[in-house]
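A short write-up of the structure that comes next.
The values are calculated or read from the model by the stated rules, or taken from the named source; none is laboratory data. Values in this document were obtained by computation on a predicted structure and should not be read as measured data. When we count neighbours, we look across all protein chains shown, and the Cβ atoms used for this are built from the backbone with ideal geometry, even at glycine. Calculation scope for accessible area: heavy atoms of the full protein, side chains included, ligands and nucleic acids excluded. Shrake-Rupley method; radii C 1.70, N 1.55, O 1.52, S 1.80 Å.
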Amino acid sequence: MGRKKIFVCGAVGSLFFIGLGLFGYFSKGIPSRVKIPVEVSESMIGTKIREKCDVKTKGKFEKNIDFCSLGDADKSNVTLAILGDSHSETILPVLDKIGKERMEKYSHIGLGGCPPLLKVDVIKGNWQPKICENLSLKEYNFVKENKIKNVLLIGRWSLYTDGRYDNSGIYYLASNKDTAVDKDTSRLVFEKSLKETIVSYQNIGVNVYVLAQVPQ
């Protein structure tokens, strides 16, 4: 085959795949190739439940880091406090639905990159020092003051022990006693803090539930 024909064939082949890619893009992935039940596809849409509880500050979207009511919000008593990082937000739609069905009021507070663990801070995470530590204390005080009997802890737990899904970018945990910024220390702090957090809540008469992380 001559050089000219090779270039022509290459150009035609490239145009074919470019056209195929554009078709897939503008048809939004050719939805007809896979039949997904509506309830499944809708469950994959990002939750907007917390939008009513978040605020815009100085032109930049930031969290007010406040509690958000779910379920039967008109109830006076909160029966479940949902505490966690960004993984806690993804499960809010189903918990909101359960709360409505059971006619119970739930309360959520969470911040991406902040595990719901007492007396620990996140090093090299999303926020300035003490933000996560102060938030977990705020969570505890809220549960105690409102005499909430059930707490659900949710987190991307492996982010604080192993890092992201490619084992990079670990969000190191540190405490007043364990301050080294390394993987072993972070795992040690995580283990200690999880136990201490559960015991602290149990000591004020709270039932503590820990949601396991979605498998990687």
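Looking for something part of a loop (DSSP other than H, G, I, E, B) and not small (Gly, Ala, Ser) - is there at least one such residue anywhere in the stretch 183-202? Step through it out loud before you land on a result.
At the first step, the residues of the stretch 183-202 found to be part of a loop (DSSP other than H, G, I, E, B) are none.
No, the stretch 183-202 contains no residue that is part of a loop (DSSP other than H, G, I, E, B) and not small (Gly, Ala, Ser).
If we keep just the residues of the stretch 120-137 that are under 16 Å from the mean Cα position of the chain (by Cα) and outside any helix (DSSP H, G or I), which is modelled with the highest pLDDT?
Of the stretch 120-137, the ones under 16 Å from the mean Cα position of the chain (by Cα) are 122, 125-127, 132, 135-136.
Within this subset, residues satisfying the condition of being outside any helix (DSSP H, G or I) are 122, 125-127.
Details: 122: 93, 125: 81, 126: 82, 127: 84.
This residue is 122.
Based on what the data block shows, is residue 125 open to solvent by less than 90 Å² (accessible area, probe 1.4 Å) and in contact (Cβ under 8 Å) with a residue 24 or more places away in the chain? It would help to see each step written out before you state the result.
Numbers: open to solvent by less than 90 Å² (accessible area, probe 1.4 Å): yes; in contact (Cβ under 8 Å) with a residue 24 or more places away in the chain: yes.
Yes; evaluated as a whole, the condition is true for this residue.
Do you know which residues across the stretch 158-207 are buried (at least 16 other Cβ atoms within 10 Å of the Cβ), touching a strand residue (DSSP E or B) at 6+ places or on another chain (Cβ under 8 Å), among the β-branched types (Val, Ile, Thr) and free of Cβ contacts under 8 Å to residues at least 60 places away in the same chain?
The answer is 185, 198.
Would you mind telling me which numbered condition in (1) in contact with a Gly (Cβ under 7 Å, 6 or more places away or on another chain); (2) open to solvent by 30 Å² or more (accessible area, probe 1.4 Å) residue 210 fails?
Looking at each condition in turn, residue 210 falls short on (1).
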